[in-house]
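As structure tokens, the structure follows; a few thoughts come after it.
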Amino acid sequence: MINTERWNITSNSDERKTVIEEAVAVLKAGNTVAFPTETVYGLGADATNEIAVAKIFKAKGRPQDNPLIAHVATKDQLKQLTTTYPQYVDKLIDHFAPGPITFVLPSNGVCAKNVTAGLDTVGIRIPNHPVAQHLLQQANLPLAAPSANLSGKPSPTTADHVWDDLNGKIAGLLDDGPTGVGVESTVVDCTGEVPMILRPGGVTKEQLEEVVGKLAQDSAIVDKLDKPKSPGMKYRHYSPELPLLLVEGDTAYMQKQINLKRETYGRVGVLASNRMAKQLTADEIIPLGDHINDIASHLYDGLRTFKQGHVNIILCEAFEKKEIGVAVMNRLEKAASSYLKEK
Ligand code: AMP
Ligand code: MG
């Protein structure tokens, strides 16, 4: 066990400055600090320090072959971690960074080799959350930062989620309340002739296409039998404590499934849009919102709320695979043990 310092980010700018300085000192000493980004909380360490980066893998229980994303404050700092890259990358950076998008670029070896898990590419992101930006600017270091959860659990969208998973395993936690987007960044391989989406996320395919036109997508995103090109995508992720079933159909079909599962499992929990949730009867119902952006934002908190003992199974509405719904459904399909569809 190590002592985990928990700092509150307040609206007072002097207090904020002091807290960020303390966190930077911890990072510069080669230790880990969790911090908010606009997607989910990240667990940061100095990306140029192999020993510091190893502490991230240990705290999370993350498989060694799953590379980390290096976070930087500016485009200039991004360029310090890579070599030459295709022209379309400048277009993507100028349109979407800072923001929920990760660029996989040729690595120049500045990041420690455990950041890239031995690959010759490095994933780089410029987050736009004010606390992440402040921390990165003050540290003036690239920070390797995967999601700040135990590997396999849903990503943390509040400081309490981080605390539940990593208290005693990390050196610090900057608490700035809930994050906004709620699902992780879009990972885009930028080493080929056209960009290729490896993981759907906060920036949608439609938005990317508007800027660069032609775009590829890892076939494994659509066909679960294909081997994913991003090492992290092969793991079963985002799993709640309980079995999760995805249900595609109208409200009557969902209610029928709830009633059936009650016979076998006893208590049933449900995650659904507000519209559907208010018409259902179950043991515990968590409405996630109506707009798909709200659903994305509340999804991981919803998955984490259901605890063993309260309910014995979770049924979740299947959402339309449009805009950020593609990322939401990608995560839900990985978390779910089966998918029930109305004929
Ligand atoms: P996390 O930060 O936990 O959300 O995970 C980062 C995701 O980015 C994982 O799916 C990684 O496999 C992926 N990733 C990071 N670096 C690379 C890279 N160089 N090439 C391909 N995928 C990467
Ligand atoms: Mg993760």
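In the stretch 190-208, how many are more than 22 Å from the chain's Cα centre (by Cα) and open to solvent by 40 Å² or more (accessible area, probe 1.4 Å)?
Result for the stretch 190-208: 3.
Filter the stretch 306-337 down to residues that are assigned to a loop (DSSP other than H, G, I, E, B), over 20 Å from Ala277 (Cα atoms) and at pLDDT below 95, then give me how many there are.
Residues in the stretch 306-337 being assigned to a loop (DSSP other than H, G, I, E, B), over 20 Å from Ala277 (Cα atoms) and at pLDDT below 95: 4 in total.
Evaluate the following for Gln279: is it exposed (fewer than 15 other Cβ atoms within 10 Å of the Cβ), at pLDDT 95 or above, over 22 Å from the mean Cα position of the chain (by Cα) and farther than 23 Å from Ser147 by Cα?
In short, yes.
Would you be able to say whether some residue in the stretch 167-176 is within 16 Å of ligand 2 (Cβ to nearest atom), open to solvent by less than 50 Å² (accessible area, probe 1.4 Å) and either in contact (Cβ under 8 Å) with a residue 24 or more places away in the chain or assigned to a helix (DSSP H, G or I) (or both)?
Yes.
Yes/no matrix, rows are residues, columns are (1) open to solvent by 10 Å² or more (accessible area, probe 1.4 Å); (2) within 13 Å of ligand 1 (Cβ to nearest atom); (3) touching a Gly at 6+ places or on another chain (Cβ under 8 Å):
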| residue | (1), (2), (3) |
| --- | --- |
| Ile93 | no, no, no |
| Ala117 | yes, yes, no |
| Val122 | no, yes, no |
| Ala148 | no, yes, yes |
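I need the full set of residues from the stretch 286-322 which are of a type in the set (A, V, I, L, M, F, W, C), open to solvent by 10 Å² or more (accessible area, probe 1.4 Å) and either closer than 12 Å to Gly269 by Cβ or touching a strand residue (DSSP E or B) at 6+ places or on another chain (Cβ under 6 Å) (or both), in order please.
Scanning the stretch 286-322 gives Ile286, Ala318.
Being of a type outside the set (Gly, Ala, Ser), crowded, with 23+ Cβ neighbours inside 10 Å and farther than 25 Å from Lys113 by Cβ narrows it down to one of Thr18, Thr39, Thr4, so name that one.
Step by step, each of Thr18, Thr39, Thr4 is checked, and only Thr39 is of a type outside the set (Gly, Ala, Ser), crowded, with 23+ Cβ neighbours inside 10 Å and farther than 25 Å from Lys113 by Cβ.
The values are calculated or read from the model by the stated rules, or taken from the named source; none is laboratory data. All of these numbers come straight from a predicted model, not from anything done at the bench. We place every Cβ from the backbone using ideal geometry, glycine too, and count neighbours over all the protein chains shown. In case anyone asks, the SASA skips ligands and DNA or RNA and just uses the protein heavy atoms, side chains included. Shrake-Rupley method; radii C 1.70, N 1.55, O 1.52, S 1.80 Å.
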